[in-house]
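Nothing in this text is a laboratory measurement; each read-out follows from the coordinates by a stated rule. In this text, all values refer to a predicted model and were calculated from it rather than measured experimentally. Ideal geometry is used to build each Cβ from the backbone, glycine not excepted, and the neighbour counts take in all protein chains shown.
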Amino acid sequence: MMNEKVVKLKSLLTEIYDLERAEAVLSWDQLVMMPSGGAEARGRQMALLKKLAHEKQTAPELGRLLEDLQPVADNLNSDSDDACLIKVAMRDYQKAIKVPASFMGEFAAHTAATYEAWVKAREAKNFGVVASLFGKSLEFSQQLAQFQDGYQHLADPLIDQLDEGFTVAMIRPLFAELRNRLKPLLIRIIAAQQVDDSCLKQNFSEAGQLQFGKEVITKYGFDFNRGRDDLSVHPFTTSFSIGDVRITTRIQLNNLNDALFSTLHEAGHALYEQSFASDLEGTLLANGASMGMHESQSRLWENLVGRSRGFWEHFYPRLQEIFPEQLAKVSLETFYRAINKVEPSLIRTEADEVTYNLHVMIRFELELQLLEGTLAVKDLPEAWNEAYHNYLGVVPEDHQQGVLQDIHWYGGTIGGNFQCYTLGNILSAQIFEAALATHPKIKTEITQGEFGTLRNWLTKEIYRHGRKFSASELVQRITGKSLTIEPYFKYLEDKYQEIY
Ligand code: ZN
């Protein structure tokens, strides 16, 4: 028999979910469809929905209900939907009530101003334009962290918001080990003869690029009856329910890489969101386990599958058919090497698989130093350049290519923003290795353009659970081990040793 209080809890949580997803619809529309004249009213409307959702998230009624439900949860199987729902809802509630509503309001207004200033600072290529607001954001971030207790490092509560259970003490040694192992690999690659990727820099029609992307993600299993793919300035994924998951794509006519791999990336996020068990609909469990776990799925479909030789054995002839003029004379081998070219560069979002994590580590370290107070805001641009020189051997010419390149620090907290990208890469390889160990035929299927076995396994082991289990719990359940860099490093080494 259904517990009456569980029913009540679900209805309260669904109200929060619906307010959040209504806000997401407005945000999607703002980025994809809205004329610029709509900006001011849209900002007001979105802020109202956010405020209403936050009020419901921190309502004493919800707290009392969760309190009452603890004995119920204790009597349930700990893996059951209801037990997980009560546990996760309680954790969210206790974090949310520690932050005063007035603080959230002030921080939101400050963030909006900082974003505006960041746009101007980028145009001027001058961090100085936004430096004092950035300093204030840092204070807000430190305060936000201090509202929570029981943490070792000031960054821990900020990391915990996106990657629950991870701490600086866990991530720092993991990243240090990965960096040490990447170093000799990168040195070897740089010393080798460089790959020619000019075949990707021709003129490729928008219609052709969209057509090919659509064909591939349909094969991946993206369900267009429960999703859309539209154009936007920056590619992203959003979801309004399990039955309506949307991705966006950006086309560059003279760069085939950009739209292709960002579409495969966003499709990976979308497959996760479309595959939650329908029983989780409308609750906070209809979410990814963590940002790192979400990113592991986008990177798995983008890189481990989409940049593999087997994948292109199947799909390259089709791409040549769409772009005969550009690619008929380019061999599969040349194309495969071109899409996997490794080169130290300045921009994180354009980085290859080998150097990408170094971009992440630079930001992660700088965030920690800023929060700790060991790096002053005024010294940040120089610290950034120095880190790029040390990690990648390149130095930005201006602040736009440097410290102003990512939106994260100018659109929210400073701290907790970047670890998810490298955690995602590490997880992607560990998970893929487990999938191959269970179903060795996945490799052959990929060369036939078939992804059913892989997708079904991921759904069974990860996707359908939504947020019922943390990323660490999922990895433990799947592999019997905790997070480890071995499979990821082995993947990179095997792949790039062969290319370079
Ligand atoms: Zn992503």
For a distance above 34 Å, tell me the whole-number percent of Cα pairs in the chain that qualify. 37
Just subtract the alpha-carbon distance of Gln146 and Leu436 from 0.36 nm times their residue separation and send over the number in nm, one decimal. 100.1 nm
Any trypsin sites (Lys or Arg not before Pro) in segment 172-239 that lie in a DSSP loop and have at most 16 other Cβ atoms within 10 Å would be Lys201
Using 7 Å Cα-to-Cβ label points, what is the Thr14/Ala169 separation (nm, one decimal)? 4.2
Which helices of the chain meet both criteria: a Cα extent of 18 Å or more along the helical axis and a mean Kyte-Doolittle score no lower than 0.0, with helices taken as whole DSSP H segments? 4-32, 131-147, 168-191, 356-372, 419-438
Of Met361, Met293, Met104, how do they rank once you tally other Cβ atoms within 10 Å and put the fewest first? Met104, Met361, Met293
Cut-off 20 Å, label point 7 angstrom out along Cα-to-Cβ of Asp29: give me the residues of segment 239-281 whose amide nitrogen falls inside. 239-249
note: segment 4-128, Cα-Cα separations exceeding 26 Å make up a percent value of 40
Too-long pairs where the Cα-Cα distance tops 26 Å, listed order kept, from Lys120/Lys201; Lys443/Lys495; Lys441/Lys468: Lys120/Lys201; Lys441/Lys468
Under 8 Å for C-alpha pairs, at least 6 residues apart: give me the relative contact order for the chain, rounded to a whole percent. 20
Find the centroid of the Cα atoms in segment 428-500 and in segment 218-294, then give the distance between the two in whole Å. 19
With each run of n ≥ 4 DSSP H residues scored as -39500 (n - 2.57), what mean residue ellipticity at 222 nm is computed for the chain after dividing by its residue count and rounding to the nearest 500 deg cm²/dmol? -20500 deg cm²/dmol
Where in segment 173-216 does the label zone of Gln497 land, with the point 7 angstrom along Cα→C-beta and an amide N cut-off under 12 Å? 185
Two pseudo-spin positions, 7 Å from Cα along C-beta at Met104 and at Lys329, lie apart in nanometres by 6.1
If packing is taken as the mean number of other Cβ atoms within 10 Å per residue, what is the order of 240-249, 146-155, highest first? 240-249, 146-155
The alpha-carbon center of segment 59-130 and that of segment 158-213 are separated, in whole Å, by 30
Taking His314, His54 and counting other beta carbon atoms within 10 angstrom, the fewest-first order is His314, His54
Only four residue types carry charge here, +1 at the Cβ of Lys and Arg and -1 at the Cβ of Asp and Glu. Report the dipole size of the chain about the Cα centre in Debye, rounded to the nearest 20. 340
If the chain between Leu210 and Lys378 were fully stretched, how many nm would it gain, using 0.36 nm times the residue separation less the Cα-Cα distance? 56.1 nm
Looking at Ala73, Ala267, Ser102, which one has the Cα that reaches farthest to the positive end of the dipole of the chain (charges on Cβ: Lys, Arg +1; Asp, Glu -1)? Ala267
Local net charge near Trp28, Cβ-Cβ under 11 Å (Lys/Arg +1, Asp/Glu -1): -1
